[in-house]
Every structure is written in structure tokens, then in C-alpha cells.
Amino acid sequence: MENNEVRMPCHVTIIMDGNGRWAKKQGKLRLFGHNVGVESVRECCEYAVENGIRYLSLFAFSEENWGRPKAEVEGLMALMVKSVLAERPTFMKQNVRFRVIGHRESLPEDVLKNIELAENETSGNTGLNLIVMLSYSGKWDIVQAARRLAKATLEAGHEIDIDEAVFSSYLSTEGIPDPDLMIRTSGEQRLSNYMLWQCAYTEFYFSPVLWPDFRKKDLDLAIRSFNSRERRYGKTE
Ligand code: FPP
């Protein structure tokens, strides 16, 4: 699917929601929904590559998700490892740079190891930046930035002049432009502790489609909606 006449957002971020409800509708376990959701991830990446989107970030697992039943958490972590292993050759072929952002210390060792292998292997790629937000939450991000800033102040031995740019450089998304478009699937209309700082001027798009059914045509609809909006950043025009 290629769009020559549509302006592409630089950074699209997606809250992938509705896997559990999708599975329940089919009379299957929640993990089945997560498994089929990987196909939607693949299609959205392909769309991003085909259309020259620079950054695609995906909210795959929140800090709060650690509170889900053990079997689901383990299943999701295993799915992450399996997907990263399976997609590495495609990342290389499609010039995709893969990265994970989130609270790494809370990730199991094998997950971390496989993520780091893929990050290192793709670090020189210059096409799509694919960012998986794993064990991430917006408040965690702001607190870890504040903590590191406080430490830097102590180490410097004097007060650091903190402005928005300085604070941003301590966030886990340092160097990544703020999202232009945030998509949430499954009809829920909340930010759910996601990129709280980074979404200050982001356009929101809520799709009723459950994540396992969200495919290229649905992403295209979201981007066309983004194209019809006028962004004023608090100014009059
Ligand atoms: C939300 O649906 C989805 C998740 C918590 C997991 C998303 C993970 C994937 C799509 C698979 C792995 C991802 C990658 C990047 C390979 P939910 O379980 O909250 O659904 P519900 O709201 O219907 O219960």
C-alpha cells in the first residue's frame, strides 16, 4: 500500500489494545489474541516501511501489566523473544532499526539478551526506527528522568539549569521526536499512563477495531484522519 498524495507523520505511536477481548470473542485464551496481534504488528511495520514513516513506536507491555496472571505475563515475554528472533532477518532486509524502551531492569534475562542482540545487529540501519515500549509507563519515565537529573546535579556540585529541552534529554525517549499521531485501538479513549510528557501536542486517533484485526487499511485510515487535521500548537494559525 503506497500513498504518494498523503503526508506521513514523522512519528506514529500505537497503544495496541483489545487482544484479550478479540480472543474471548473466538472462545480462545487471551494469549491467542496476543499471538494474532503479532501479525498486526508485522503489517503496521510493513506499512511504515513502504510509506517512509521515520518512527513507529508500539506500546507492548506497561509497568502495570506485570500485575496480570503469571501465565499471561510469561506467554507475552516468550512471544516477544520469539517475534524478535523471527523478525531479525526482515529488519536487516528492510533497513529497520529496532529498539526497546522501558524499565529494562524488570525484564527477564533471556528477553533482555534477545532484545540487545537485535538492537546491536540493527543499530546501523537507517530506515524505519521501530521502537517497542516494554515495561514502560509515562510516570515511571518522568520519575526516572527526575532521579537522574538530581544525581547529575549532585555530581556536578552545582545546580543544573533545567528547561524543557534539558528535562527531555533525560527521558527514556531521548533523541526521538515526540509522536505526531497516537493511535489507540479497541474503542478505549484513554492515555493509560503512556508517554505523558511526549504526547503534549500529539494528535489522538481512537479506532474501534480490536488490535488483532488492525491491519494496513486501518492504519491508513488513521493517517488520512491525521492529514485532515490542523495542528496549531497553541497558536492561532
Ligand atoms: C493489549 O490487549 C495488548 C497487550 C497488553 C500486549 C500487546 C502485545 C502484542 C501485540 C504482541 C507482542 C508485541 C510485539 C511488538 C512483538 P489486552 O490484553 O489489554 O486486551 P483487552 O483490553 O481486550 O483485555
Out of the residues in the stretch 148-191 meeting the condition of being within 16 Å of the ligand (Cβ to nearest atom), out of contact with any Pro (no Cβ under 9 Å at 6 or more places or on another chain) and not hydrophobic (A, V, I, L, M, F, W, C), tell me which one is nearest to THR13 (Cα to Cα). ARG184
Give me the residue from the stretch 52-67 that is out of contact with any helix residue (DSSP H, G or I) (no Cβ under 8 Å at 6 or more places or on another chain) and either free of Cβ contacts under 8 Å to residues at least 12 places away in the same chain or assigned to a helix (DSSP H, G or I) (or both) and, out of that set, farthest from the ligand (Cβ to nearest atom). GLY67
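Which one of GLU50, GLU63 is in contact with a Phe, Trp or Tyr (Cβ under 8 Å, 6 or more places away or on another chain) and either buried (at least 21 other Cβ atoms within 10 Å of the Cβ) or of a type in the set (D, E, K, R) (or both)?
GLU63
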Subset of the stretch 17-38 (residues that are among the small types (Gly, Ala, Ser) and surrounded by 18 or more Cβ atoms within 10 Å (Cβ to Cβ)): GLY18, GLY20, ALA23, GLY33, GLY37
Leading residue by the ranking (farthest from the ligand (Cβ to nearest atom)) among those in the stretch 83-139 that are in a loop (DSSP other than H, G, I, E, B), of a type in the set (S, T, N, Q) and closer than 20 Å to GLY52 by Cα: THR126
Looking at GLY33, is it within 12 Å of the ligand (Cβ to nearest atom) and either assigned to a helix (DSSP H, G or I) or over 18 Å from LEU128 (Cα atoms) (or both)? yes
Some residue of the stretch 80-102 being over 18 Å from SER172 (Cβ atoms), touching a Lys or Arg at 6+ places or on another chain (Cβ under 7 Å) and either surrounded by fewer than 16 Cβ atoms within 10 Å (Cβ to Cβ) or among the basic types (Lys, Arg) (or both): no
Looking at this structure, is GLY75 within 9 Å of the ligand (Cβ to nearest atom) and part of a helix (DSSP H, G or I)? no
I'd like the full set of residues that are charged (D, E, K, R) and either in contact with a Cys (Cβ under 7 Å, 6 or more places away or on another chain) or within 19 Å of GLU230 (Cβ to Cβ) (or both), limited to the stretch 175-212. ASP178, ASP180, GLU203
Where a residue in the stretch 14-35 is on the phi > 0 side of the Ramachandran plot and its partner, wherever it lies, is within 8 Å of the ligand (Cβ to nearest atom) and at pLDDT 95 or above, with Cβ under 7 Å and at least six apart: GLY18/SER186; GLY18/LEU210; GLY18/TRP211
If MET80 passes every condition in (1) near the ligand (Cβ under 10 Å from one of its atoms); (2) touching a Cys at 6+ places or on another chain (Cβ under 9 Å) but one, which one does it miss? (2)
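Give the stretch 193-221 a look and list any residue that's within 29 Å of ALA165 (Cβ to Cβ) and in contact with a strand residue (DSSP E or B) (Cβ under 7 Å, 6 or more places away or on another chain), or say none.
ASN193, TYR194, MET195, CYS199, THR202, GLU203, PHE204, TYR205
The values are calculated or read from the model by the stated rules, or taken from the named source; none is laboratory data. Owing to the predicted nature of the structure, the values given are computational and were not obtained by experimental measurement. All Cβ positions, even for glycine, are placed from backbone atoms using ideal geometry, and neighbour counts span all protein chains on display.
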